[in-house]
Amino acid sequence: MEYYTMTDTGSMTKKNTVNKALLTFIILGVAAWLLDSAVDAVFFYRDSLHGQVFAPNAENIWNRLFTLSMFVGFGVYAGLIIVRRKKSEEDALQARVFAETVFNSMHDAVSVLDASNLRIIDVNDAFLADLGVRKEDVIGRTCYEVTHRKSHPCASPNDTCPFNDTVRFGTYSVYEHVHFSASGEKIIAEVSTNPIKNSEGRVVQVVHVSRNISERKRVEAELQKLSMVVEKTADIVLITDKDGIIEYVNPAFEELTGYSSDEAVGNTPRILKSGEQGPQFYEKLWETILSGNIYRDVFVNRKKNGELYYDSCTITPVVDWQGTITHFIATAKDITEQKRAEQELRERAETDYLTGLFNRRTFFEILASEVERARRYERSLSLIMLDIDHFKNVNDTYGHAEGDEVLKAVSLVVQKSIRHTDFFARSAKKLSN
């Protein structure tokens, strides 16, 4: 008993085909032997058929053996020809199946057109899926009928046709085009046309490859809109890589800081550092954003000309699909005027508008704190009250404007005479004992 593996299938088929052909021609050779024997027995030798078949003379036996060997040889040869033909047919079938598989597995829509009339010869599955059509409704029609709802090819100059250029010049073309599906949906496609030439160099077919880029165009439009917003916004936008190297600044950054985009890109935000905020401030910042969290705070920064400014800043980490931080986006609003207004309000609430000294309310707050501290540490506390005698006469005689000048002069004299650790305040009313 013989055993054959799967790899022996081809050789077994080949042997079987050769054996069948050989057997057929052996049978034909035997039939020829019998026919020749019958002819000799009836017409030439007047002998019995049995004698001519099994006991012919020497001349006849050599003729018949030669004929039989010829049939055997033809049988082997015919078997080999059949094997080769079958092998060629199988290879062609496998190649066709492979080509169709590749053709239909492509994600891009592909159609093949006859160059003489630009009618569709074949399309792949992606073409049918993109346009929502059936193959039988497409074959034999022009692409314009299928994708543009037109019965004639596009004509220059109003509607140029790259197909015509591909056929006329035999060149490869790439362009963007608008297609319409069977349901009327607009599809923006990136199209390439590839000429197929015959042996004489004449274009006989055109391969049309169409990639649906509608989603890409939508994303590009959104990105362009976002880019325009970033460019036009009054707030600062700054983008750095994961190491803090600046990759982008918007015009608002340039206008506020005085640094141009060329000066900022490639540097770090340390070019804005003012020194007003200590190391702990920046340590907390990096600890927050490196952990993937958003950081918000007010920065005291320095412009290129050395001027300080305040900005309310938000720093957002950007992560990729693996969760790895790739960039940081900082958006900031200039709040310098707001801080100045707050400082001015604070000063007005704490100081006397005329002399700039602490006012009555602030004085009592400081006094209460100093008294409590003196008690805690058992230290003495000195309190001196100054009064300007006959000040009312100054106002009545010389006017309130001159009286204000007297108050300012007195405050300056006292401020120059006290220590920097002392507190000096003005009370518009007499302090009760």
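Every number in this text was worked out from the coordinates using simple rules, so none of it is lab data. Please read these numbers as outputs of a predicted model, since none were measured by experiment. Heads up, the Cβs are rebuilt from the backbone with ideal geometry, glycines too, and the neighbour counts pull from every protein chain shown.
What whole-number volume per residue, in cubic angstrom, does the convex hull of the C-alpha atoms of the stretch 304-393 give?
Dividing the Cα hull volume of the stretch 304-393 by its residues yields 238 Å³.
Run through the stretch 392-424 and list the chymotrypsin sites (Phe, Trp or Tyr not before Pro) located in a DSSP loop whose Cβ has at most 16 other Cβ atoms within 10 Å.
Passing sites in the stretch 392-424 are PHE423, PHE424.
Taking a cut-off of 17 Å, what percent of all Cα-Cα pairs in the stretch 106-217 are separated by more than that?
Here the long-distance tail beyond 17 Å is 51 percent of all Cα pairs in the stretch 106-217.
Using DSSP to define loop residues, name the chymotrypsin sites (Phe, Trp or Tyr not before Pro) in the stretch 171-215 whose beta-carbon has at most 16 other beta-carbon atoms within 10 Å. Let's see the in-between values first.
Details: sites: TYR172, TYR175, PHE180; in loops: TYR172.
The qualifying sites are TYR172.
Restricting attention to the stretch 303-348, which chymotrypsin sites (Phe, Trp or Tyr not before Pro) occupy a DSSP loop and are surrounded by at most 14 other Cβ atoms within 10 Å?
Hits after loop and neighbour filter: TRP321.
If the reach is capped at under 18 angstrom between alpha carbons, list the aspartates and glutamates near LYS86, excluding any in the same chain fewer than eight residues apart.
Result set, ordered by chain and number: ASP8.
So what are the stretch 234-340's ellipsoid semi-axes, whole angstrom, largest first, if each one is the square root of 5 times an eigenvalue of the alpha-carbon gyration tensor?
For the stretch 234-340, the semi-axes come out at 22, 16, 12 Å.
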